[in-house]
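S.K.: The structure that follows is given in the form of structure tokens.
Values quoted throughout were computed directly from the atomic coordinates according to the rules given, and no laboratory measurement underlies them. Here the structure is a predicted model, which is why all the values come from computation and not from measurement. Note that each Cβ is placed from the backbone with ideal geometry, even for glycine, and that neighbours are counted across all protein chains shown.
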């Protein structure tokens with residue numbers, strides 16, 4: 001009998017949240033208030049957690065993130081208790097702002113919830129045709145794997161790119177490299193990123 005195994009997968013969650021409009025408006029208002037108090041929200045991400053506030057938007061999103069983590073764990077067969085905390089921070093990207101390719105050390109999972117995206121994406125006419133403003137790209141962690149792929153191989157593309165929209169929640173392993181493309185619109189791009197940090201237990205150690 002021939003058996004085919006899908007080894008070394010990367011799970012990525014792409015979830016549009018229901019009834020997101022009202023709590024998202026509250027989150028945008030909170031982020032604006034936080035920016036007035038501290039204009040370096042992204043760089044000071046360790047000190048500014050919007051989900052620590054007890055108000056409608058953060059309470060709603062906290063619950064949605066916890067629900068999504070539970071779904072993720074169930075999807076990969078975790079059948080024991082796992083405890084975690086959510087460490088979140090806001091991102092406000094204006095014209096030209098971007099985030100270098102990076103991952104999130106010390107996080108089991110990472111993710112982003114999108115609050116506001118520019119309505120009109122302006123592609124500069126004097127730049128490359130493959131410019132992807134406002135998008136987020138994830139990179140295959142198997143470096144150089146596409147070098148040995150052939151046509152119709154489903155794993156040939158080393159990148160996965162998404163143009164987010166408000167109400168979208170994404171989640172992925174914290175080790176996965178990703179890149180937030182420059183915002184090339186006059187409108188701001190607002191998102192709320194987070195890490196799922198495990199409260200450690202020896203029960204988590206794999207039995208190998």
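S.K.: Of the candidates 177, 147, 34, which one comes out as most mobile in a Gaussian network treatment of the chain with C-alpha springs shorter than 10 Å?
M.R.: 147
S.K.: Right, something else. Using only Cα atoms, figure out Rg for segment 150-208 and give it as a multiple of 2.2 N^0.38 Å.
M.R.: 1.67
S.K.: Could you check which residue among 182, 166, 105 shows the biggest mean-square fluctuation in a GNM of the chain with a 10 Å Cα cutoff?
M.R.: Comparing 182, 166, 105 in the GNM, the peak value goes to 105.
S.K.: OK, next. Relative contact order for segment 13-202: what percent, with Cα pairs under 8 Å and sequence separation of 6 or more?
M.R.: This gives 35 percent for segment 13-202.
S.K.: Sticking with the crude label model, points 7 Å out along Cα→Cβ, report the distance from residue 4 to residue 150 in nm, one decimal please.
M.R.: 1.5
S.K.: Averaging over all projection directions, find the projected area of the Cα convex hull of the chain and quote it in nm² with one decimal place.
M.R.: Reported value for the Cα convex hull: 15.3 nm².
S.K.: In a Debye calculation with equal point scatterers on the alpha-carbon sites of segment 73-118 and no solvent, what is log10 I(q)/I(0) at q = 0.15, 0.21, 0.29 Å⁻¹?
M.R.: Ignoring solvent entirely, the Cα scatterers give -0.62, -0.97, -1.32.
S.K.: Using a Gaussian network model of the chain with C-alpha springs under 10 Å, which one of 195, 59, 19 is most mobile by mean-square fluctuation?
M.R.: 19
S.K.: So between residue 142 and residue 177, what do we pick up on full extension, going 0.36 nm a residue minus the alpha carbon distance?
M.R.: My answer for the length gained is 11.5 nm.
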